[in-house]
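**Student:** Sharing a structure, written as structure tokens. Questions coming.
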């Protein structure tokens, strides 16, 4: 079983990476494809980047500088393991900095972080600072946007990773924007979506901030439990969430809690 996560806009390149974790860092599998995208981005002016990504002038200039510094080979000096570099709401739930070496080793084999620049990252893959959301309409020789650029690359890789599994499963904890890079119809694996609802009855709704953190919490639950099946996720109960069995199906787990917060 593989669990998909979105990346985050917020990055942490200040906190030191423990030496034991740094030694286990890996190279992104699609670094060559990322280099193609960087070359396209390097041709953009700060004003073009601002318009393309709806950024302030300051953030556009920051990211143009990042593209200029990006190298085909990440090192301990210019890169950081993805699960420790991303610092948004999902990663507040995952709490990767508190995971033990054995936990991170398991996560390396079962968590996948989708990325506009890198396609798909394992938790210990070294990334360099960047900003490129999957929904960005960046034209490349491969097509009109990043979905065209990545095509079925990520889906094929997910199938390859579970080629030896009799009943492969992909649990989607990513946002709609990122999950769209995986054409579900081309997957051999069973696809399972997960929703987190706040409130009871017909008034229950998904609140983005809480849902993002809950995705990270469920991923952490999977790591600590060494979950290898969807059933192993069903007893997730962090921060008041519980499985709504009546609303859940074989392809959609629904967790809810009585009230937000």
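The values are calculated or read from the model by the stated rules, or taken from the named source; none is laboratory data. Note that the coordinates shown come from a computational prediction; the quantities given were computed from them, not determined experimentally. Note that we place each Cβ from the backbone using ideal geometry, even for glycine, and neighbour counts take in every protein chain shown.
**Student:** Just to verify a result, which residue in the range 202-221, among those that are more than 28 Å from residue 100 (Cβ to Cβ), in contact with a strand residue (DSSP E or B) (Cβ under 8 Å, 6 or more places away or on another chain) and without any contact (Cβ under 8 Å) to a residue 40 or more places away in the chain, is surrounded by the most Cβ atoms within 10 Å (Cβ to Cβ)?
**Tutor:** So the residue we want is 206.
**Student:** Can you tell me which residue within the range 99-124, out of those that are more than 15 Å from residue 86 (Cβ to Cβ) and free of Cβ contacts under 8 Å to residues at least 60 places away in the same chain, is nearest to the chain's Cα centre (by Cα)?
**Tutor:** Filtering the range 99-124 for residues that are more than 15 Å from residue 86 (Cβ to Cβ) and free of Cβ contacts under 8 Å to residues at least 60 places away in the same chain, the one nearest to the chain's Cα centre (by Cα) comes out as 109.
**Student:** Among the numbered criteria (1) assigned to a loop (DSSP other than H, G, I, E, B); (2) surrounded by 15 or more Cβ atoms within 10 Å (Cβ to Cβ), which single criterion is violated by residue 166?
**Tutor:** Of everything listed in (1) assigned to a loop (DSSP other than H, G, I, E, B); (2) surrounded by 15 or more Cβ atoms within 10 Å (Cβ to Cβ), residue 166 misses just condition (2).
**Student:** If you don't mind, there's one more thing I want to ask. Given the criterion more than 17 Å from residue 227 (Cβ to Cβ), part of a strand (DSSP E or B) and modelled with pLDDT of 95 or more, identify the matching residue among 114, 132. Full working, then the answer.
**Tutor:** Numbers: 132 fails: part of a strand (DSSP E or B).
On inspection, the qualifying residue turns out to be 114.
**Student:** Here are 255, 236: which of them is in a loop (DSSP other than H, G, I, E, B), at pLDDT 95 or above, crowded, with 20+ Cβ neighbours inside 10 Å and touching a strand residue (DSSP E or B) at 6+ places or on another chain (Cβ under 7 Å)? First the steps, then the outcome.
**Tutor:** Details: 255 fails: in a loop (DSSP other than H, G, I, E, B).
On inspection, the qualifying residue turns out to be 236.
**Student:** Could you grab me the full set of residues in the range 85-111 that are surrounded by fewer than 24 Cβ atoms within 10 Å (Cβ to Cβ) and closer than 27 Å to residue 68 by Cα?
**Tutor:** Within the range 85-111, 87, 88 meet the criteria.
**Student:** When both residues are 6+ apart or on different chains and their Cβ atoms are under 6 Å apart, which pairs have a first residue that lies in the range 226-251 and is within 20 Å of residue 107 (Cβ to Cβ), and a second that is assigned to a loop (DSSP other than H, G, I, E, B)?
**Tutor:** 228/1; 233/227
**Student:** Of the residues 96, 20, which single one is touching a helix residue (DSSP H, G or I) at 6+ places or on another chain (Cβ under 6 Å) and farther than 29 Å from residue 176 by Cβ? It would help to see each step written out before you state the result.
**Tutor:** On the way: 96 fails: farther than 29 Å from residue 176 by Cβ.
Residue meeting the stated conditions: 20.
**Student:** Now, a different point. If I filter the range 169-201 down to residues being part of a helix (DSSP H, G or I) and over 17 Å from the mean Cα position of the chain (by Cα), which single residue comes out as surrounded by the fewest Cβ atoms within 10 Å (Cβ to Cβ)?
**Tutor:** Quick first cut of the range 169-201, residues part of a helix (DSSP H, G or I) only: 176-179, 184-186, 201.
Narrowing further to those that are over 17 Å from the mean Cα position of the chain (by Cα): 185-186, 201.
On the way: 185: 8, 186: 12, 201: 6.
Taking the candidates together, the pick is 201.
**Student:** Now for a separate question. Of all residues in the range 10-21, which are within 20 Å of the chain's Cα centre (by Cα) and farther than 10 Å from residue 97 by Cβ?
**Tutor:** 10, 11, 13
**Student:** OK, next. Residue check: is residue 31 in contact with a helix residue (DSSP H, G or I) (Cβ under 6 Å, 6 or more places away or on another chain) and within 24 Å of residue 175 (Cα to Cα)? Outline the logic, then answer.
**Tutor:** Working: in contact with a helix residue (DSSP H, G or I) (Cβ under 6 Å, 6 or more places away or on another chain): no; within 24 Å of residue 175 (Cα to Cα): yes.
Here the answer is no, as residue 31 does not meet what is asked.
**Student:** Restricting attention to helices (runs of 4 or more DSSP H) lying wholly within the range 1-58, give those where 3 or more residues are surrounded by fewer than 18 Cβ atoms within 10 Å (Cβ to Cβ) and either in contact with a strand residue (DSSP E or B) (Cβ under 7 Å, 6 or more places away or on another chain) or free of Cβ contacts under 8 Å to residues at least 40 places away in the same chain (or both). Steps first, answer last, please.
**Tutor:** On the way: elements: 19-23, 31-41, 46-53.
Qualifying helices (runs of 4 or more DSSP H): 31-41, 46-53.
**Student:** Still on this structure: Which of (1) part of a helix (DSSP H, G or I); (2) within 30 Å of residue 44 (Cα to Cα) is the odd one out, the single condition residue 138 does not satisfy?
**Tutor:** For residue 138, the failing item is (1).
**Student:** Continuing with this model, one more query. Suppose the filter is buried (at least 24 other Cβ atoms within 10 Å of the Cβ), under 17 Å from residue 6 (Cα atoms), touching a residue at least 12 places away in the same chain (Cβ under 8 Å) and over 12 Å from the mean Cα position of the chain (by Cα); does residue 127 pass it?
**Tutor:** Here the answer is yes, as residue 127 does meet what is asked.
**Student:** Which residues, counting only those in the range 202-211, are assigned to a helix (DSSP H, G or I) and at pLDDT below 90? Give the steps one after another, and end with the answer.
**Tutor:** At the first step, the residues of the range 202-211 found to be assigned to a helix (DSSP H, G or I) are 202-203, 208-211.
Selection gives 202, 203.
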